[in-house]
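All remarks here apply to the structure that follows.
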Protein chains: 2
Amino acid sequence: MHSIDTTSAPRIAVDAMGGDFGPSVVVPAAVDAAREGIAIALVGDEERVNAELAKCDADGLDIQVVHASQVVEMDDKPADALRRKKDSSIQVACRMVKQGEAHGVVSAGNSGATVACGMFTIGRIRGVQRPALAGILPTEKNPVVLIDVGANVDSKPQHLFQFGLMADVLARYVLGVKDPSVGILSIGEEEGKGNATVRDAFDLLKASQLRFIGNVEGRDIFTGEVDIVVCDGFVGNVALKLSEGLATSLGRILKEELKSSWISKLGTLLSIRAFKRFKKVTDYAEYGGAPLLGLKDIVIVTHGKSNELAVTNCIRMAATSYRNNATAHLAEGLAAHKGLTNKDTKSAA
Amino acid sequence: MHSIDTTSAPRIAVDAMGGDFGPSVVVPAAVDAAREGIAIALVGDEERVNAELAKCDADGLDIQVVHASQVVEMDDKPADALRRKKDSSIQVACRMVKQGEAHGVVSAGNSGATVACGMFTIGRIRGVQRPALAGILPTEKNPVVLIDVGANVDSKPQHLFQFGLMADVLARYVLGVKDPSVGILSIGEEEGKGNATVRDAFDLLKASQLRFIGNVEGRDIFTGEVDIVVCDGFVGNVALKLSEGLATSLGRILKEELKSSWISKLGTLLSIRAFKRFKKVTDYAEYGGAPLLGLKDIVIVTHGKSNELAVTNCIRMAATSYRNNATAHLAEGLAAHKGLTNKDTKSAA
């Protein structure tokens, strides 16, 4: 263990200090991923990382430990994190990717700082106007990709269109959706409903090669009838956090009520399996990561509250993205739609 | 019954043809409200309304029936409904209010058309730049007012500020909240987070007499910690429909799972009371109506799927608004903030 490996297996740089639980969750999650043949670079405070590694059964696994002397805190401003913490675990991880020492980054840390580091250290794919965070949410059927969930605000129609293109590549080559459908989030199903930006983005999406199904509404996100929902990062971030909050509140109400008498407690015991599935659907850990699409390499941001399973899932997703050449496919997708993505670039600057 | 009454009790004009179920739900709901001393004008197809009335025990109640020869369908465009259906139940109801024959309108019909009719027939209070729909949503604690839920898109900072002012009056004088707290929906708690519009509206709200608590996020809406959440109508409409969709999906998943074995079926039977409360919280019918704030008289829009209880609740809310002089208080609130509401009106036009 800890030896540097240069085989062709994807190596994922994992921000060991990220998340509310830091190395105690991230390290065992990375060990789990390493057991599946993913090479890992654990970036963070060497001493703490090694202490956690010693608790895991990691012998023979391809896990490097890369020291970083600083940590970005959850309340650090992205710009400060970039400027003042050049030796933070997240910046070191991004530099490893930039320099070809790793193939992707996973962080459960400060998401604003991770997005900023990804953009500045790794850089955008040529032609991408605005990288975007793709939230992957559980639904009644297959997961839905909600893009953007907060990398941008005040998006222009061109940006929304590119979000759709990028999410199409994610769905096809990483999530394995055969012919993903794309909707644009609006406030009515009919064409022409929505605000000015959505109406213009609608036209671009309609003219593209994507399987565009038109406007979708808030109530359509969780039915699982659409694979990709495009929206501005302000709206997407509100939607993501609202879903999380509502699912938590409903779960809490149900739990309280079920504990309110011994009869319902007994009932709950009998129905325990049913509640497990309910929890699974409301539990983001199952899906976890939000890939930051549009960069030259793979960056996956995950929730600060992520548990081991969520972090392992993100590392898997990063490895799959690398193996399936997601970045190259994204560049192809952009090239195929050059006429549309360059349209009216003045207003989309 | 059916006689015209001119006592001082509030008379509410109820669009009897509105909603997915029309007179079969709206008429008995109105009869329930009439039993509580609210005078009613049922507006719609006289024959159908009378047939439904005959099924109810409405003797001695103050219920007028006012004939309207047309009906706005759910898929009619608001502008068409205004222009081509001048004798629709919703237009007739709005005209009754305009002419002083009723004190408020309740409709479960086409909400776009109701908003348009309200704005054009009844008109705005002097100084109101954009009337807004106030959604009243159940939370873990007290209901929260989300404003705007879809009367406007592309709102300017001035508009968002006025939404806060108007919702404050609603919370105080209609919902009985003593000193309502107001938050602005954004994508981070700290001042300065959000898009350009939100940041400017933040400053206006901060300078006002409202109990402004700053930015709130999507996850804060359903905790019940804030009384009023201000947002653009696009974002609010997405949030409203998303909550509705997610609550329905979660309820459906739970129901399916609980039916999946006889053991969990038995468990469910034992926990039935707990599920009732869960359903109550996820059930919009309990709160129902979205008042359209900023008009000279009261207009309340409710969900097309509304059941009797929801419609009765809306009629009650309209009567309370009238009795408590909500419209006059709104005008006062606007006057007290004239300096702020008129600031930078060029960009707020």
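The values are calculated or read from the model by the stated rules, or taken from the named source; none is laboratory data. Keep in mind that this is a model prediction, so the values were computed, not measured. Methodologically, a virtual Cβ is constructed for each residue, glycine included, from the backbone with ideal geometry; neighbour enumeration extends over all protein chains shown. Accessible surface areas use protein heavy atoms only, side chains included; no ligands, DNA or RNA. Shrake-Rupley method; radii C 1.70, N 1.55, O 1.52, S 1.80 Å.
Which distances, shortest first and in nm, link A:N342 to the matching position in the other copies, using label points set 7 Å out along Cα to C-beta?
Computed spacing set for this position: 5.2 nm.
So how exposed is B:L170, as accessible area in Å² (1.4 Å probe, rounded to 10)?
10 Å²
If you find the alpha carbon centre of the range B:15-44 and of the range A:283-339, how far apart are they in angstrom?
With the range B:15-44 and the range A:283-339 each reduced to a Cα centre, they are spaced 53 Å.
Taking Cα pairs under 8 Å and at least six residues apart, what relative contact order does chain A come out at, in percent?
Relative contact order, chain A: 22 percent.
Which entries of A:K305/B:K193; A:K255/B:K241; B:K241/B:K265; B:K77/B:K305 show an alpha-carbon separation above 27 angstrom in the structure shown?
Going by Cα-Cα distance, B:K241/B:K265 fall outside the 27 Å limit.
Using 1/(1 + (r/R0)^6) with R0 = 56 angstrom and r between the beta carbons of A:R35 and B:E36, what's the FRET efficiency to the nearest 0.05?
Taking R0 as 56 Å, the efficiency between A:R35 and B:E36 is 0.25.
Nearest 100 Å² is fine: how much accessible area is buried between B and A, summed over both sides, with a 1.4 Å probe?
Summing both chains' loss of accessible area gives about 4700 Å².
Could you tell me which of the pairs A:K141/A:K259; B:K156/B:K206; A:K98/A:K296; A:K259/B:K141 are separated by over 20 angstrom between their Cα atoms in the structure shown?
A:K141/A:K259
Give the aspartates and glutamates whose C-alpha is closer than 13 Å to that of A:K85, dropping any in the same chain fewer than 8 places away, or say none.
A:E73, A:D76
What share of the DSSP beta bridges in the protein assembly as shown is antiparallel, in percent to the nearest 5?
25 percent
Quote to one decimal, in nm, the extra length available between B:K77 and B:Q99 on full extension: 0.36 nm per residue of separation minus the C-alpha distance between them.
Difference between extended and current length: 5.4 nm.
Lys and Arg at +1, Asp and Glu at -1: add these up for the other residues within a Cβ distance under 13 Å of B:S24 and post the number.
Charge balance in the 13 Å sphere: -2.
If A:D179, B:D297, A:D57 are ordered by their accessible area, calculated over protein heavy atoms with a 1.4 Å probe, which sequence runs from highest to lowest?
Accessible-area ranking of A:D179, B:D297, A:D57, largest first: A:D57, A:D179, B:D297.
At a probe size of 1.4 Å, how large is the accessible area of A:D45, to the nearest 10 Å²?
50 Å²
Check each residue of the range B:176-220 and keep those whose accessible area, probe 1.4 Å, is at least 30 Å² smaller with all protein chains in place than in the chain alone; give them in order of residue number.
Buried by the other chains: B:I187, B:N195, B:G218, B:R219.
Can you pull the percent of chain A's accessible area that's carbon plus sulfur, 1.4 Å probe, other chains left in place?
Here carbon and sulfur together make up 50 percent of the probe-accessible area.
Tell me the mean residue ellipticity at 222 nm calculated for the protein assembly as shown from its helices only (DSSP H runs of n ≥ 4, each -39500 (n - 2.57), averaged over every residue, nearest 500).
-13500 deg cm²/dmol
Order A:R316, A:R323, A:R126 by their accessible area, 1.4 angstrom probe, all chains in place, largest first.
Per-residue accessible area, sorted high to low, gives A:R126, A:R323, A:R316.
Got the A:G100 label distances to the other copies yet, label 7 Å along Cα→Cβ, in nm, shortest first?
So the label point of A:G100 gives 8.6 nm to the other copies.
Tell me the distances, shortest first, between A:K141 and the same position across the other copies, using label points 7 Å along Cα→Cβ, in nm to one decimal.
4.0
At most 11 other Cβ atoms within 10 Å plus a DSSP loop assignment makes a site exposed; report the longest stretch of chain A without any exposed GluC sites (Glu not before Pro).
Free of exposed loop sites, the longest segment is A:191-349.
Largest first, what is the accessible-area ranking of A:M119, A:M17 with a 1.4 Å probe?
Result, largest first: A:M119, A:M17.
With a probe of 1.4 Å, find how much accessible area the protein assembly as shown has per residue, and write the answer as a whole number in Å².
Using a 1.4 Å probe on heavy atoms only, each residue of the protein assembly as shown averages 41 Å².
Please state the Cα pair-distance histogram of chain A with 10 angstrom bins from zero: what percent is in each bin?
The distribution over chain A is 6, 25, 31, 24, 11, 3, 0, given as percents.
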